[in-house]
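The values are calculated or read from the model by the stated rules, or taken from the named source; none is laboratory data. Remember, predicted model here, so these are calculated numbers, not experimental data. Ideal geometry is used to build each Cβ from the backbone, glycine not excepted, and the neighbour counts take in all protein chains shown.
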Ligand code: ADP
Ligand code: MG
């Protein structure tokens, strides 16, 4: 019998159907992956299983019994737990205090700390997790904090663990660690529902895979019967290629963009960027990898003219750039895709066409007297909207604020990449964008390389970095922790650099890592 079964489960928000008559059976003791593009309805579906949302129609059965959850408390009492992407922990408290929050163990009206710590440690040991119940949560790594969230659920004796995009915040090694743990939990009889759009992870650990697209159930398949390509085809509704830079690392040798000893200090005196040296040649795609928060944002902000370095040189074609305002950089031939698309990349209040020429109105869209050539702008905008498949925008006078994040990102990419830039600096070029559109944006980025342009990409998505880059710099604590040619590195190698360890993984360790998945 299915441990959880949904029958024609639907959820409406106003007149929008986020989950549309979805029927799935989750078998006891399996790892069941739920895949779908951004906005497919995965979280909405899971929130109904966990009692955070009430279904608009349809049925939910737990061990064959019809249930109606009013809150997560009801779900937990039926053995269903969920771990969210954003942790809900109290950093100043210990692991055991977090685990027992709301379930404190009292003796004569006093909380008995020793008993509390011991019972939580027992749970940790029972599931063979690497955690100390007495550590302070705020001092733990992100991977460890996630373990605390999982233990919190296991301590309440849940049979089913729902994980919503758990790996988004983890490094490659932490991801491997988590997947191993999920496999171990399965061996102890737990059912795992894993939501992700990363297919490598699905292939590594899932027994079965359900794909949903635009709120609808598309298929449930055995993982061993399908390839990654099969799953992405089901997710997108057509076959997608993974775009790869396999042009070889040939470039003119002439350096377009150079950073020399760049430092950036925040008022407290901390060095957020510490003597950073980076070089991008024409015809080269350079990737910057790293866990978010290691200086990448500041680096991009300097390169896109939003902030000025404290010391060091920003050099373009051999000359130091003194005025690095976004307007000046664009005049010099830069395309800029900043990190915060709404703050720096777009104006939500302005229309699609206004955004399409923002910062570029001098480039043939206005007369010498500064009067905008509306005909030319309209034509260009319509062409880009079509070419970049920017959806829900037949009317180019609507405000950008009304578009989804992915579509807004496509407007920035269309504007910046269509201006024949000599140097392109982009941060998270495909964040929040669907797989189908990622394919398109990646092919546009490769076209820049073929046209002998210099391209710098900052991304926390290692697949993106590895697929596109010729060379990769890894940032850790404001420093360049290492530089690698693409052909000479791997995800694991980059992952180590991301946590500040510069050594190739030994053969033995790699063997161990593989064994865990057998
Ligand atoms: P996924 O987790 O697959 O990325 P979600 O379940 O978060 O997708 O969202 C599915 C769709 O429902 C999206 O288009 C989203 O904008 C919409 N949606 C989600 N929650 C709400 C809400 N509370 N109100 C209105 N629309 C929502
Ligand atoms: Mg989601």
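Could you grab me the full set of residues in region 156-169 that are crowded, with 20+ Cβ neighbours inside 10 Å and farther than 16 Å from residue 184 by Cα?
As a first pass, look at region 156-169 and keep what is crowded, with 20+ Cβ neighbours inside 10 Å: 158, 160-164, 166-167.
Selection gives 164, 166, 167.
Applying the criterion of at least 1 residues that are in contact with a strand residue (DSSP E or B) (Cβ under 6 Å, 6 or more places away or on another chain) and surrounded by fewer than 17 Cβ atoms within 10 Å (Cβ to Cβ) to the strands (runs of 3 or more DSSP E) found wholly in region 11-72 leaves 16-27, 57-62. For region 394-432, a residue qualifies if it is at pLDDT below 80 and crowded, with 19+ Cβ neighbours inside 10 Å, and the qualifying residues are 403, 406.
Six or more apart or on different chains, Cβ atoms under 6 Å: show the pairs whose first residue is in region 25-46 and under 26 Å from residue 407 (Cα atoms) and touching a residue at least 40 places away in the same chain (Cβ under 8 Å) and whose second is near ligand 1 (Cβ under 6 Å from one of its atoms) and in a loop (DSSP other than H, G, I, E, B). The qualifying pairs are 42/36. Scanning region 433-460 for residues that are surrounded by fewer than 19 Cβ atoms within 10 Å (Cβ to Cβ), at negative phi and outside any helix (DSSP H, G or I) returns a single hit, 451. Taken as a whole, the structure places residue 77 among residues that are more than 16 Å from ligand 2 (Cβ to nearest atom) and without any contact (Cβ under 8 Å) to a residue 12 or more places away in the chain.
Within region 183-194, the set of residues being closer than 20 Å to residue 144 by Cα and surrounded by fewer than 21 Cβ atoms within 10 Å (Cβ to Cβ) comprises 183, 184, 185, 186.
I'm trying to understand the selection: among the residues of region 83-126, which are part of a loop (DSSP other than H, G, I, E, B), at pLDDT 85 or above and touching a helix residue (DSSP H, G or I) at 6+ places or on another chain (Cβ under 7 Å)? So that I can check it myself, show each step before the final result.
Filtering region 83-126 for residues part of a loop (DSSP other than H, G, I, E, B) gives 84-93, 100-105, 108-109, 112.
Pick out the ones that are also at pLDDT 85 or above and you get 84, 88-93, 100-101.
Result: 89, 90, 91, 92, 93, 100.
From the list 277, 294, 355, 301, pick out the single residue that is outside the structural domain of residue 432 (by TED's automatic domain parsing) and either in contact with a helix residue (DSSP H, G or I) (Cβ under 6 Å, 6 or more places away or on another chain) or closer than 28 Å to residue 485 by Cα (or both).
Numbers: 277 fails: outside the structural domain of residue 432 (by TED's automatic domain parsing); 294 fails: outside the structural domain of residue 432 (by TED's automatic domain parsing); 301 fails: outside the structural domain of residue 432 (by TED's automatic domain parsing).
The unique qualifying residue is 355.
Note on region 13-38: among residues that are over 16 Å from residue 234 (Cβ atoms) and modelled with pLDDT under 95, the one that is farthest from ligand 2 (Cβ to nearest atom) is 15.
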